[in-house]
Each structure stands twice: as C-alpha cells, then as structure tokens.
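Participant: Mind looking over this structure? Questions follow.
A short reminder: the numbers here are calculations on the coordinates, not readings from a lab. Since we're looking at a predicted model, the values are computed, not measured. Please note: Cβ atoms are built from the backbone with ideal geometry, for glycine as well, and neighbour counts cover all protein chains shown.
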Amino acid sequence: MAPEPPQPGPSPATPGPDSPRTGERRPASRPEDIEDDRHDIAIIGMDGVFPNARSTDELWHVLMAGEDCLREVPEERWDLEAYYGTEGRPGTVYLRKAGFVDGLTDFDAGFFRLSPAEAQWIDPQQRHLAQSAWRALEDAGLAGRVPASTGVFVGASYQHYRDMVVGDVVETPAGLGNHNAILANRLSYFLDLRGPSMTVDTLCSSSLVALHQAVRSIRAGECEQAVVAGVHMGMSPQYFQLGSRLRSFSPSGVVRAFDAGADGFVPGEGVVSVVVKSLGAALRDGDRVRGVVRGSAVGHGGRTSGLTVPSGGGQGEVVVAALVDAGVSPDSLGVVEAHGTGTGLGDPIEVEGLSRAWRRFTGRSQFCALGSVKSNIGHLEPA
C-alpha cells in the first residue's frame, strides 16, 4: 500500500544550526560506495518472546487485536497470597498482575553444550537469551556460520533467579555463571565470536544503549555485524516488594500510557534479539532487510528534582542528536514508539521532550502519532 501524501500544514520552521539535513541521505551511486557506507545499520534478523506471544509474529497479532497480556502471578512462580497486601506494610505486594512469559524453564541444554546440572543453575535469562539469539541468527540465515568478527551487545539489569533460587549457593555455575556479564560472554563463547562482547546496564534504557553501542562499533569497524539483545525474565517476589515499597506500580494493574488516568507501570518479562550489520553490506550480501537504524544517541538529563525524575530538556536534546545523526526531519515521521510507561510524572515529561525536539525543525503539529507497546505487554524494563 502506497504511503499517504503529507498533510498540508504550516511551512516547516527554519532548522537551527544543529538541525538534521532535510530529505533522504544521498544514495550510493557505485557498488564501492555501498560497501564503504557503514552509517546506516540494517536489521537482518530478529526474534522475541513476550507475554502471550512466543514470537514477533504472535506479538503483531496481539497488537492488532488490542490484547491485554497482563495476568496474575502464576502459581508455579511464587505464592502471591503469601505476599499480597494493600495496606502498604513493608514486605507486602499490592500488585497482582504483570506480563509473564510461558515456559520460563524450557531449555535445550544439550544443543548449547551444557550439562543438565549446569543448566539448572543458570539464570533463565541466560537460557532464553541463548535461544532467542540463535533464532534471530536463523532468521538472518546465519545460524551455524556466524562470522567470528560478530559482536554481542546485551541489555540487562536484574538477577531475579539468583535472588529467588540460587541464594547463597557457591557452586561455580550458580555464582560466577550468574553474573550479568556472563549473558553476553556465554553467547560469544558458544558461537566462538571474537568481536566486542558486553552486557549493558542502564536500567530501562539498557537494550537501546546496547543497540547504540553496536551501531557505533559497526561504524568504527570494530565488528562486521552484531547480535543485540535485551532480556528480563523470572521476576522475583523481592522485585515486587521493592516496587511496591517505592509505589512504582499501578494499583489497578493497567498500563495507561499517555492517559490522564495513568497511575504507575506494570512490569513484564521478555527477550528480544536482533542481528544487525551495515546497510551497504546487507545490500551487497543479499540479506533480507527488516528495518534500518538511521541514527541513535544517548545522554543524561543531569540534575532534576529527584534521582529518578526525568528531564524534558535532556530528553529533547538527545532526540535532536538522534535526528541529526539519522539525517532526517520529524516532518518525515508518521509515528513514534515511545517509552510511555503509564506514569503521571514520566509520560508528560516525555511528551514535553519530544515536542521540544520537534519544534527545533518544524512548525507543524498534530501530524505524528504516539504509541507505547507497554499498554499491551507491560514494561519489560531492560528488554
């Protein structure tokens, strides 16, 4: 289906000195230009497991149906009633629902050259990450022949399994084997990869910062391609206790992103993996291109009214930097998939930041849609 023509509106504002170039990036005119162009990054393979969706195709159907994938804590995880309480006493949990994945402990240990005993002590985050990364490589047509120069960049934060199951056990697979640094390391080890291998922990932005690092690494020639992933699995009662103590969760168990009734977020589990390489190399090699990363940027909001309070100005600046890096104007965008956690504080600040960025380049308004998948599957935090 052909894209709709742009709607009439005010003339775009004159871009400032830091504004991106308008229009598309100059296409390469010669094969050697394509091979040398490492700026645009192609997504050539992907995989994901989400609440109520075992694949990216199933997730698409969930979104098309407007399905609510949040449910009460499964009995096989932990006893909700042993922790539940609405009176706010320390140690109690007031949230009954979250986004849980099925088959948390499913794992083909033999395929990944692990003994069943070792696999038992390994965090499900490692198990699901390994399986998801392999499926993403299969989707890219690379499983079994991954170039040694491939990098691995993983976004992760929590260690629920160690908190809930492993405890004080000091056996090597349970101790050293469950550090988050091993998430990327084990994948590079299994696939015999020599490119950069790192786990990134910046809390909610972990997987996007991991993607940013991969983009920069490919552009710099540090790796030929990369596996980029984010994972958040096996949520523990301790995690729910902490979130309840901070009053971070939605008491209603509903994520109302960009809604006047937003009252907090609802956590979710999931793992997402993509295989990326330069667009020039992908076109040269005949890869199926699922999407293109034109630009990225990272930054911090600096000092605000609180350590966890975001900055509209800081968010606006980093969005401007990403647009400049991508070489595109907001006028060419039709939708923004936002953070949108469903909090009364964070969502308006995010809209403020985006609005500040948009106003740097255009005087138009009401032409770009805003969305957040968290309303369907919850907040997957580092994933």
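Participant: Identify the trypsin sites (Lys or Arg not before Pro) of segment 51-158 meeting these criteria: DSSP loop state and at most 12 other C-beta atoms within 10 Å of the C-beta.
Facilitator: Qualifying residues, ordered by number: Arg113, Arg145.
Participant: Describe numerically, in nm with one decimal, the distance between label points set 7 Å from Cα along Cα→Cβ at Glu138 and at Thr86.
Facilitator: 4.5 nm
Participant: Roughly how many nanometres apart are two label points built 7 Å out from the Cα toward the Cβ at Ser355 and Ala220?
Facilitator: 3.8 nm
Participant: Could you give the C-alpha radius of gyration of segment 31-296 expressed as a fraction of 2.2 N^0.38 Å, taking N as the number of residues it contains?
Facilitator: Details: Rg = 19.6 Å, N = 266, 2.2 N^0.38 = 18.4 Å.
Compared with the compact-globule rule of thumb, segment 31-296 sits at 1.07.
Participant: Report the full-extension gain for the segment Asp106 to Glu72: residue separation times 0.36 nm, less the Cα-Cα distance, to one decimal in nm.
Facilitator: On the way: separation 34, 0.36 × 34 = 12.24 nm, distance 2.06 nm.
Going from the current span to full extension adds 10.2 nm.
Participant: Evaluate the distance, in nm, between pseudo-label points positioned 7 Å from the Cα of Leu370 and of Ala65 along their respective Cα→Cβ axes.
Facilitator: My value for the distance between the label points is 2.9 nm.
Participant: Test of understanding: extend the Cα→C-beta vector of Val289 to 7 Å, then name every residue of segment 261-283 with backbone N under 20 Å from that spot.
Facilitator: In segment 261-283, the label zone of Val289 (backbone N under 20 Å from the point 7 Å along Cα→Cβ) covers 274-283.
Participant: How big is segment 168-277 by the Kirkwood estimate over distinct Cα pairs, in Å? Provide the component values of the computation, followed by the final result.
Facilitator: Values: mean 1/r = 0.0604 Å⁻¹.
For segment 168-277, the Kirkwood estimate is 16.6 Å.
Participant: Continuing with the same structure: Evaluate the charge dipole of the chain about its Cα centre and quote only its size in Debye, nearest 20, assuming +1 on the Cβ of each Lys and Arg and -1 on the Cβ of each Asp and Glu. Numbers along the way, then the final one.
Facilitator: Numbers: 34 positive and 47 negative charges, 184 e Å.
Computed about the Cα centre, the dipole is about 880 debye.
Participant: To continue, here is another question. Can you put Arg303, Arg245 in order of Cβ neighbours within 10 angstrom, beginning with the fewest?
Facilitator: In order of increasing Cβ crowding within 10 Å: Arg303, Arg245.
Participant: While we're looking at this one, here's another question. For segment 66-155, state which GluC sites (Glu not before Pro) are in a DSSP loop and have at most 10 other beta carbons lying within 10 Å of their beta carbon.
Facilitator: Working: sites: Glu67, Glu72, Glu75, Glu76, Glu81, Glu87, Glu118, Glu138; in loops: Glu67, Glu75, Glu76, Glu87.
Here the GluC sites (Glu not before Pro) that fit, given the DSSP loop and packing criteria, are Glu75, Glu76, Glu87.
Participant: Taking the number of other C-beta atoms within 10 Å as the exposure measure, put Met164, Met235, Met46 in order starting with the fewest. Walk me through the numbers on the way to the answer.
Facilitator: On the way: Met164 16, Met235 24, Met46 20.
Going from sparsest to densest Cβ surroundings: Met164, Met46, Met235.
Participant: Putting +1 on Lys and Arg Cβ atoms and -1 on Asp and Glu Cβ atoms, find which of Phe153, Gly346, Gly45 reaches farthest to the positive end of the dipole of the chain.
Facilitator: Going by the Cα projections, it comes out as Gly346.
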